[in-house]
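> Let me give you the structure first, and then I'll get to my questions.
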Amino acid sequence: MSNFDKFQVMAKIAEAPMIPVFYHSNVEVCKHIIRACYAGGVRAFEFTNRGDFAHEVFAQLSKWVRTECPDMALGIGSVVDAPTAALYMQLGTHFVVSPVFNRDIALVCNRRCVIYCPGCLTPTEISTAHEAGCDLTKIFPGDATNTNLIKSTLAPMPWSKIMVTGGVSPDKDNLEKWFGAGVFCVGMGSKLFPADKIQSGDWQYISDKCQECFAIISSSRQ
């Protein structure tokens, strides 16, 4: 069961609006990555449900995070059905992210006051997700669209809180582009975690990169 409710998690994301997205089958590698992100100011982290026995890795991380990174909201991504969402809620996930919208997932998450962030690509899909109780929606894949979609959606639907994932990189021009368009937050995957840095165990690089991202985001939101 989550030890943060949806309002606390949304506040964490609002304060630190960059969510790292990561998967690795090795629990120790995941711990190093999460700790590095935490040191860099991250307060919401998405572990993706992509490999065999991913739930077993998540179960260990969920317990570890509560003691080692107590202010971190640890969520699960790549969830496409309600039973999987329910499984991860039993393991303590603080939020659920999906590449698609599934109303059954929304019902399960709403029942326990857990954020469900579905993948959407049109204003109609975003509005449908709102009707199902989704406070945060994800434009996905971000690299298949551009900032005009964000701006055009927010114009008639300014209450929308949009995260973009895919096509987000830790550089000034990219981050300023998305936040300038009005996104609530961004999700960032492999471009935040270069394979060579993971291979060499350069965790400080990841902490520094996270801090750089937040400095850029803070400046672009002023």
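The values are calculated or read from the model by the stated rules, or taken from the named source; none is laboratory data. As the structure is a computational prediction, the values presented were derived from the model and not from experiment. FYI the Cβ positions are ideal-geometry reconstructions off the backbone, even for glycines, and counts take in every protein chain you see.
> Just wondering, is there one or more residues in the range 169-180 that are surrounded by fewer than 23 Cβ atoms within 10 Å (Cβ to Cβ), touching a residue at least 24 places away in the same chain (Cβ under 8 Å) and touching a Lys or Arg at 6+ places or on another chain (Cβ under 7 Å)?
The answer is yes; a qualifying residue exists.
> Restricting the range 66-99 to residues that are of a type in the set (V, I, T) and over 16 Å from the mean Cα position of the chain (by Cα), which is surrounded by the fewest Cβ atoms within 10 Å (Cβ to Cβ)?
It comes out as T67.
> Output the number of the condition that A132 fails; it satisfies all remaining conditions of (1) without any contact (Cβ under 8 Å) to a residue 12 or more places away in the chain; (2) over 19 Å from the mean Cα position of the chain (by Cα).
(1)
> Still on this structure, I have one more. Would you call W203 surrounded by fewer than 17 Cβ atoms within 10 Å (Cβ to Cβ), farther than 24 Å from Y88 by Cα, among the aromatic types (F, W, Y) and at pLDDT 95 or above?
Against the criterion (surrounded by fewer than 17 Cβ atoms within 10 Å (Cβ to Cβ), farther than 24 Å from Y88 by Cα, among the aromatic types (F, W, Y) and at pLDDT 95 or above), W203 does not qualify.
> Those residues that are within 14 Å of V183 (Cβ to Cβ), at pLDDT 95 or above and of a type in the set (S, T, Y), I need them from the range 124-150; list them, please.
T137
> Still on this structure: For the range 1-49, which positions are part of a loop (DSSP other than H, G, I, E, B) and at pLDDT 95 or above?
The answer is A16, P17, Y23, H24, S25, N26, G40, G41, V42, R43, N49.
> Yes or no: L149 closer than 24 Å to P20 by Cα, surrounded by fewer than 22 Cβ atoms within 10 Å (Cβ to Cβ) and not charged (D, E, K, R)?
yes
> Moving on to the next point. What are the residues in the range 19-52 that are buried (at least 17 other Cβ atoms within 10 Å of the Cβ) and out of contact with any helix residue (DSSP H, G or I) (no Cβ under 9 Å at 6 or more places or on another chain), if any?
The one that is buried (at least 17 other Cβ atoms within 10 Å of the Cβ) and out of contact with any helix residue (DSSP H, G or I) (no Cβ under 9 Å at 6 or more places or on another chain): E46.
> Does the range 117-129 contain any residue that is in contact with a Lys or Arg (Cβ under 6 Å, 6 or more places away or on another chain) and either part of a strand (DSSP E or B) or β-branched (V, I, T) (or both)?
Yes.
> Here is a follow-up. Within the range 100-113, can one find any residue that is surrounded by 21 or more Cβ atoms within 10 Å (Cβ to Cβ), assigned to a strand (DSSP E or B) and of a type in the set (G, A, S)?
No.
> Report whether or not L61 is in a helix (DSSP H, G or I) and either buried (at least 20 other Cβ atoms within 10 Å of the Cβ) or touching a Phe, Trp or Tyr at 6+ places or on another chain (Cβ under 8 Å) (or both).
yes
> Just checking, does the range 81-95 include any residue being touching a residue at least 12 places away in the same chain (Cβ under 8 Å) and among the charged types (D, E, K, R)?
yes
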